[in-house]
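The structure under discussion appears below in the form of structure tokens.
The values are calculated or read from the model by the stated rules, or taken from the named source; none is laboratory data. As the structure is a prediction and not an experimental result, all values here were calculated from the model. As a convention, Cβ positions derive from the backbone with ideal geometry for all residues, glycine included, and neighbour counts pool all protein chains shown. Side chains included, ligands, DNA and RNA excluded: accessible areas come from the protein's heavy atoms. Shrake-Rupley method; radii C 1.70, N 1.55, O 1.52, S 1.80 Å.
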Protein chains: 2
Amino acid sequence: MKRLAILGSTGSIGQSTLSIVEQFPERYQVAALAAGRNVDEAFAQAVRWKPRILSLATPALAGELANRLHQAGITGIEVTHGTEGTIACSTLPEADFVVSAIVGVAGLEATHAAILAGKPVGLANKECMVAAGEILTAAARTRNVPILPIDSEHNAVHQCLRVGAHNEVKCIWLTASGGPFRQLPLDQFASITPEQALKHPTWVMGRRITIDSATMLNKGLEVIEACRLFDVTPAQVRVTIHPQSTVHSMVEYVDGSILAQISITDMRLPILYALAWPERPKSSLTFDLAGLRHLEFEEPDFQRFPCLRLAFEAAEKGGAHSIALNAADEVAVGAFLERRISFMGIPGTIEKVLAATPEVHPATIAEVLACDREARERARALLA
Amino acid sequence: MKRLAILGSTGSIGQSTLSIVEQFPERYQVAALAAGRNVDEAFAQAVRWKPRILSLATPALAGELANRLHQAGITGIEVTHGTEGTIACSTLPEADFVVSAIVGVAGLEATHAAILAGKPVGLANKECMVAAGEILTAAARTRNVPILPIDSEHNAVHQCLRVGAHNEVKCIWLTASGGPFRQLPLDQFASITPEQALKHPTWVMGRRITIDSATMLNKGLEVIEACRLFDVTPAQVRVTIHPQSTVHSMVEYVDGSILAQISITDMRLPILYALAWPERPKSSLTFDLAGLRHLEFEEPDFQRFPCLRLAFEAAEKGGAHSIALNAADEVAVGAFLERRISFMGIPGTIEKVLAATPEVHPATIAEVLACDREARERARALLA
């Protein structure tokens, strides 16, 4: 029986994780839940899962939840808040496994604390690895703690890496859907609207990640994440556009063999893999291989997707550049969604922020967060 | 350094194995060579590789080779012949690894002897597993000897099986090129000529295996081989037609993940994998994944390929039925190539032989060989 701490429990990955717990009550229990601002959902989860501790974003939200639990006669749940509260969840002594699914760098400290506390982490938050991958993986090595990726690409890579040794890996091939604009004529990129960019062909996701899919910045973050998670160089990570999103990623070995992972596009599968690793429980998340008809692949065009080029450059430099890539993108995507900049203004903004970013390598989470703030300020100043 | 005994050294797999030894002199040496009737090639191999022992099919051929070696002033090679000679090669004390690549049941006794002698086997001979899989795998389990498959499909499966436990395997998907007739209208099957059937779209192979690809009997033998090698039921083996022959096979796990192996269509790759396992040496046998454009898959039609249905039935019954499937097919293919029966006469003959085959399970190699002879006689009598 694994007792879980779920950071980001009311988000999409958090809810999918709870649906896995629901399906496998003999394997998983909920020990701690860290949510954000959704008190209604947090209350429902508290009633359903009876965690030992539940954290919300602010003291006011925590107070409201505590009050509602009291009125409902539900006791034994410690309600807390803020970063401290999230860390209390991620380091709870009785938790055996931490699902890190808070979007952005908000979950970084709690994820780091979980690793330092020796807890295996299922990582759904790619910004953690992009911003602080060097620090997190160093801590994980020291504590001998596994970090199991919960996004479909890195989860696929994790599986494919099991058929060879680390020094036998030639490269990692991340597949990308290519987003809605992989075939749009280049001269129309300037006039792409937020409505067009928010229509993703395969996955239904949040607004920022959907725009990041359209620019392929999202794939760029995944390139950096792959470098950190799997200890490979940017030159060892390749991207291939695969519109069907059936092959979730591949690993090429030095002998010439390539291993690919195929499955349905359902986040519950990588979540289950991470929770159960190294076991594979029987699930109903089957892919109809008999119905498979054709798969397409194509090389990404860096002219069409300059964000991808910027990401490879940031991956090469690491440190503050990886952090700035993510931070500047988040600010630029916000500006695009508010129609303050064009679609191609997103890479434009990132490129300028990166050019102004010093080549430093933060050694602590506090330094990472400072770099992140600086990059956001630079981006905002540029867009003001 | 691994010292190899290569059974079938002058055949295609034998020669590819020697080219691997050539490429990796720091890893492999030749200890023993068993050839058939090609004295010229055996002589050249003896000169080049200086094995401790070399076996040919008959005393006369062995005498001829010994004479030529003597005249060339080459000493220190024991020249021997026949099944005894092949067994002397496969059980040579200084050999560390046996490549079993003699076509047909001729290599069966020597392969069995190698396993009993505790030697790891790279198995390129699928008839061995089809005819005597139960006996060979039982011996391998007892002696704790690995059998590493050297055909592209089972080699791919072997790789994909490394990412999960045996009880986590839902099924094995063998890919098939579909041969030259996967799109031929059914009413033209009756008039297929040997010339048409000998044109394989992807691989260049021997005559029988090319015809077996056209009837898909070859894939049927591989279904049986997969059941024996990987200890799964026929219901756990599926076939998918994949004309590009890029995905060499797949394994589907109970959690819903499918692992696929991709590589160039070059037999040196599975040979190298088997020789080096569990390591993966760097090779030049790379697949151009960046150039990958599309992959197709389709379900095989049992009406078009009745041999595949017969193979699944024989796999279910096992024992004498597996043996008879292979033996009857070899006789029927011979008759087809001699234009004595039609293309659809091949499955017709096999079906009749299987119907007349008793449900027995040979316990020894001698009993296997007796079953094989009986099935051939039944087939010949039918075709007389």
Unit charges on C-beta of K, R, D, E only; dipole of chain A, Debye: 580 debye
Accessible area per residue, 1.4 Å probe, Å², for the protein assembly as shown: what's the number? 37 Å²
Long-range HN-HN contacts of B:V79 with modeled amide H, under 5 Å: B:L54
Computed for A with B: buried accessible area summed over both chains, 1.4 Å probe, rounded to 100 Å², at 3700 Å²
Given the options B:F230, B:S322, B:V145, identify the residue whose Cα lies farthest towards the positive end of the charge dipole of chain B (+1 on Cβ of Lys, Arg; -1 on Cβ of Asp, Glu). B:V145
In nm, what does the list of distances from A:Q71 to its counterparts in the other copies look like, shortest first, when each label sits 7 Å along Cα to Cβ? 10.7
In the stretch A:262-361, what is the volume of the convex hull around the alpha carbon atoms, normalised per residue and reported in Å³? 181 Å³
Evaluated over the protein assembly as shown, the Cα radius of gyration and Dmax, each in Å: 30.4, 103
At R0 = 35 Å the Cβ-Cβ FRET efficiency linking B:D288 and A:Q183, nearest 0.05, sits at 0.95
Loop-only trypsin sites (Lys or Arg not before Pro) in the stretch B:316-380, please: DSSP not H, G, I, E or B, and at most 10 other Cβ atoms within 10 Å. B:R339
Dipole moment magnitude, nearest 20 debye, the stretch B:154-315 about Cα centre, only Lys, Arg, Asp, Glu C-beta charged: 360 debye
Per residue of the stretch A:39-53, in order, report the coupling 6.51 cos²θ - 1.76 cosθ + 1.60 (Karplus, θ = phi - 60°) as ³J(HN,Hα) in whole Hz, putting x for Gly and Pro. 5, 4, 5, 4, 4, 4, 5, 4, 5, 6, 10, 6, x, 5, 8
Using only the Cα atoms, what convex hull volume per residue in Å³ does the stretch B:2-149 have? 91 Å³
Listed residue (B:S283, B:L69, B:L116) projecting farthest to the positive dipole end of chain B, Cβ model: B:L69
P(r) tail for the stretch B:154-315, what percent of Cα pairs lie past 27 Å? 26 percent
Taking every DSSP beta bridge with both residues inside the protein assembly as shown, roughly what % is antiparallel (nearest 5)? 35 percent
Using a Gaussian network model of chain B with C-alpha springs under 10 Å, which one of B:A314, B:A197, B:A114 is most mobile by mean-square fluctuation? B:A197
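For chain A, what proportion of DSSP beta bridges, expressed in % and rounded to the nearest 5, is antiparallel? The partial results should precede the final answer.
On the way: 11 of 39 bridges.
Of all bridge pairs located within chain A, approximately 30 percent are antiparallel.
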The pairs in A:K219/A:K317; B:K119/B:K219; A:K126/B:K282; B:K2/B:K282 lying past 21 Å Cα-Cα in this model are B:K119/B:K219; A:K126/B:K282
Anchor A:K352: aspartates and glutamates whose Cα lies under 12 Å away (excluding residues fewer than 8 positions away in-chain): A:D329
Taking amide H positions as placed in the peptide plane 1.01 Å from N, state which residues far from A:Y28 in sequence (5 or more) or on other chains have amide H under 5 Å from it. A:K2
Ascending list, in nanometres, of distances separating the A:A356 label from those of the other copies (7 Å, Cα toward Cβ): 8.9
Counting only protein heavy atoms, what percent of the accessible surface of the stretch B:183-329 is carbon or sulfur at a 1.4 Å probe? 51 percent
Short version: which residues of the stretch A:136-183 lose at least 10 Å² of accessible area, all chains versus chain alone, 1.4 Å probe? A:Q159, A:R162, A:V163, A:E168, A:K170, A:W173
In the stretch A:2-149, carbon and sulfur make up what percent of the accessible area (probe 1.4 Å)? 51 percent
Calculate how steeply helix B:365-383 sits against the longest principal axis of the alpha-carbon atoms of chain B, using the helix alpha-carbon long axis, and give the answer as 0 to 90 degrees to the nearest 10. 50 degrees
Size of electric dipole in the stretch A:256-323: Cβ of Lys, Arg +1 and of Asp, Glu -1, about Cα centre, debye, nearest 20: 240 debye
Among A:G348, A:G133, A:G178, whose mean-square fluctuation peaks in a Gaussian network model of chain A (Cα, cutoff 10 Å)? A:G348
Could you sort the residues of the stretch B:289-305 by number and keep only those whose accessible area is reduced by 20 Å² or more in the all-protein-chain setting relative to the chain alone, 1.4 Å probe? B:L289, B:A290, B:L292, B:R293, B:H294, B:L295, B:F297, B:E299
Solvent-accessible surface (1.4 angstrom probe) belonging to A:L354, in square angstrom, nearest 10: 20 Å²
With n ≥ 4 as the cut-off for DSSP H runs, can you work out [θ] at 222 nm for chain B, using -39500 (n - 2.57) per run divided by the number of residues, rounded to the nearest 500? -14500 deg cm²/dmol
Positive dipole terminus of the protein assembly as shown, leading residue within B:A363, B:S12, A:L198 (C-beta point charges): B:A363
Sequence order, the stretch B:124-134: Karplus ³J(HN,Hα) from phi using 6.51 cos²θ - 1.76 cosθ + 1.60, θ = phi - 60°, Hz rounded, Gly and Pro as x, gives 9, 9, 6, 4, 4, 6, 5, 7, 9, x, 4
Under the rule of at least 5 residues apart or a separate chain, name every residue whose amide H is placed under 5 Å from the amide H of B:G122. B:V98, B:V99, B:S100, B:L148
Just to be sure I understand: with springs between alpha-carbon atoms less than 10 Å apart, which residue in B:D301, B:D288, B:D372 has the highest mean-square fluctuation in the Gaussian network model of chain B? B:D288
Which value, in Å² and to the nearest 10, is the accessible area of A:C128 when all protein chains are kept and the probe is 1.4 Å? 0 Å²
